[in-house]
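**Q** My structure is below; once you've seen it, I'll send some questions.
Every number here is computed from the coordinates shown, using simple stated rules; none is lab data. Note that the structure is predicted; figures quoted are calculated from it, not measured. Quick reminder, even Gly has a Cβ in these numbers, built from the backbone with ideal geometry, and neighbours come from all protein chains shown.
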């Protein structure tokens, strides 16, 4: 059974960089036709797509975050990561990683991790 | 403001049927597949419907999806108290080149 688990700091200071890692178990992250992605949910708000990546590196990012986001894959550790630079309080959210499918849906999700941006 | 529009809330009695609408445009729902998710606070979202009307393994046939033009609908029959959750639609937006979600609909089973 494929499982995903987010990890990273729960508190980030304004203007700094948010870094999260998603560890995949039960499947190889470099399997052909598998894609991976990140979604977040600010407190009291709905889901927001951050971006996705193919194991070979091809990616798509939400236009509203594109200038600050990088998603990368580490096949040796079966992990993929999220970097969001110059964070503000508006980036406070529960961040989910997931397995993304080409028809634009996520069929497996991590449990989510709350990241708070505060000094 | 979400790209896809959903009603903020719907409610119905146990055993009844409810539908949740998701309205978009020609650049998203009009030309791409729609998915639906069930989300309970503090848990991972669960995929209910993909490719407009397909159910993943393990999702009961009480849940159904349909699409017409630039709108999609999630139907839930035989409502149970355990169905109380937030429901989100999602699809690809060809103009934005990104996945877009609806604002979510809170289902209350009275």
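**Q** Given the C-alpha centroids of segment B:4-33 and segment A:51-72, what is the distance between them in whole angstrom?
**A** Cα centres, segment B:4-33 to segment A:51-72: 28 Å.
**Q** Okay, moving on. Could you calculate the FRET efficiency of residue B:77 with residue B:26 from 1/(1 + (r/R0)^6), where r is the beta carbon distance between them and R0 is 35 Å, rounded to 0.05?
**A** 0.70
**Q** With a Förster radius of 45 Å, plug the Cβ-Cβ distance of residue A:68 and residue A:30 into 1/(1 + (r/R0)^6) and report the FRET value to the nearest 0.05.
**A** 0.95
**Q** Going by how many other beta carbons lie within 10 Å of each one, how would you line up B:64, A:64, fewest first?
**A** In increasing order of surrounding Cβ atoms, one gets A:64, B:64.
**Q** Follow-up. May I ask what percent, to the nearest 5, of DSSP beta bridges between residues of the protein assembly as shown are antiparallel?
**A** 90 percent
**Q** Next question, about the same structure. Mind checking the mean number of beta-carbon atoms from other chains within 10 Å of the Cβ atoms in A:93-103?
**A** Per-residue shielding by partner chains comes out at 3.
**Q** Taking every DSSP beta bridge with both residues inside chain B, roughly what % is antiparallel (nearest 5)?
**A** Counting only bridges with both partners in chain B, antiparallel ones make up about 85 percent.
**Q** Let me ask you something else. Could you work out the relative contact order of chain A, using alpha carbon pairs under 8 angstrom and six or more residues apart, expressed as a whole percent?
**A** About 35 percent, as a whole number.
**Q** Also, quick follow-up: Other chains near B:98-106: what is the mean number of their Cβ atoms within 10 Å of each residue's Cβ?
**A** 5
**Q** A further question on this structure: Using label points projected 7 Å from each Cα along Cα→Cβ, tell me how many nm separate residue B:68 and residue B:17, to one decimal.
**A** 1.3 nm
**Q** Using the number of other C-beta atoms within 10 angstrom as an exposure proxy, rank B:67, B:46 with the fewest first.
**A** B:46, B:67
**Q** State, to one decimal in nm, how far the label point of residue A:16 lies from the label point of residue A:119, with both points 7 Å from Cα in the Cβ direction.
**A** If labels sit at residue A:16 and residue A:119, their model points lie 1.3 nm apart.
**Q** Ranked by Cβ crowding within 10 angstrom, fewest neighbours first, how are A:22, A:97 ordered?
**A** The order, fewest Cβ neighbours first, is A:22, A:97.
**Q** Continuing with the same structure: Hey, what did chain B get for relative contact order, percent, Cα under 8 Å, at least 6 apart?
**A** About 38 percent, as a whole number.
**Q** Averaged over its residues, how many other protein chain Cβ atoms are within 10 Å of peptide A:104-114's Cβ atoms?
**A** The shielding value for this peptide is 6.
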